[in-house]
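Below is one structure, written out as structure tokens, with a few remarks after it.
FYI, it's all coordinate maths here, none of it is from the lab. This one's a predicted model, so the numbers in the text were calculated from it and none came from an experiment. Heads up, the Cβs are rebuilt from the backbone with ideal geometry, glycines too, and the neighbour counts pull from every protein chain shown.
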Amino acid sequence: MNENRVPSHVAIIMDGNGRWAKARGLPRTEGHQKGLEAAKRIVLAARKEGVKFLSLYTFSTENWKRTTQEVGFLMSLIRVHLTKELDFYRENEIRIVHSGDRAGLPGEVIIELDKAIEDTKHHHALTVNLAINYGGRDEIVRSVQRLCRTDSPHIDENAIQQSLDHPEIPDPDLIIRTGGEMRLSNFLLWQSAYSELYFSPKYWPDFMPEDFHAALADYAHRERRFGAAH
Ligand code: IPE
Ligand code: IPE
Ligand code: MG
């Protein structure tokens, strides 16, 4: 692939874990377990393809509406993964950052998240942005709230951008959603203004490096105009 056409930032809405499990007569939690394996596969694929930033929609501000059992399982899956599999990020030189409202997360998840962020902060091969307790509207509100707490708040596009969770990360060039639904579900609302969108019918646990490559190949043929004449 022409290097110039490799997206710098890819964001993924990893959807379809529950339906993957249901189709096999398994509990939804099994789908999430397999979804974590898919996430690790795609992190390595992104690194190999030369992507620099990969945002993974892991848990939305709306996902608290699920049963306490499912929410508890997801939180413990995240915590255990960060605790036990830090070597995966170390060996592959991957930096972890977090987007979302920390304050709403269980204390033991915050502790492991902070450890992982600190431990991987010098890695340069790929930045994985874990969106946990993340909502696009919530991020914009928190950004404006931060600005309003400053001495002489000045609100414009640049100021809101600079107060987002990770102002240093470029806007996503490509947003991929698996699982067949064609919506953003509150992901990166501010940053997606000019993102290219790609939808895959595959459930997330079935998403393979070849599928990721196909999305990147599709992106390579898109013409991006950002409102300019062509
Ligand atoms: C995405 O899969 C994972 C999370 C939202 C945490 P879902 O759990 O939404 O799977 P479906 O959409 O019910 O199949
Ligand atoms: C989006 O998926 C959130 C994540 C993938 C973490 P959902 O399954 O929550 O989205 P909706 O409810 O189908 O819009
Ligand atoms: Mg879903």
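Summary of values
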{"quantity": "Extreme residue, positive dipole direction of the chain, given options Gln161, Ala11, Leu74 (C-beta unit charges)", "calculated": "Leu74"}
{"quantity": "Peptides 73-80, 101-108, 10-17, 158-165 ordered by average Cβ neighbours within 10 Å, highest first", "calculated": "10-17, 73-80, 158-165, 101-108"}
{"quantity": "Under-5 Å amide H pairs with Glu196, H placed in peptide plane, nonlocal only", "calculated": "Leu174, Ile175"}
{"quantity": "Net dipole in debye of the chain [+1 Lys, Arg Cβ; -1 Asp, Glu Cβ; about Cα centre; nearest 20]", "calculated": "520"}
{"quantity": "Dipole of the chain [Lys/Arg +1, Asp/Glu -1 at C-beta], most positive-end residue of Ser185, Pro201, Ile94", "calculated": "Pro201"}
{"quantity": "Geometric extent, Cα atoms of region 119-230 - Rg, Dmax (angstrom)", "calculated": "16.7, 51"}
{"quantity": "Extent along principal axes [Cα atoms of the chain; Å; largest to smallest]", "calculated": "54, 44, 34"}
{"quantity": "Lysine pair count for region 8-220 [Cα-Cα under 21 Å; pairs on different chains or 8 or more apart]", "calculated": "15"}
{"quantity": "Expected 222 nm ellipticity per residue - DSSP helices of 4 or more, -39500 (n - 2.57), all of the chain, to 500", "calculated": "-13000 deg cm²/dmol"}
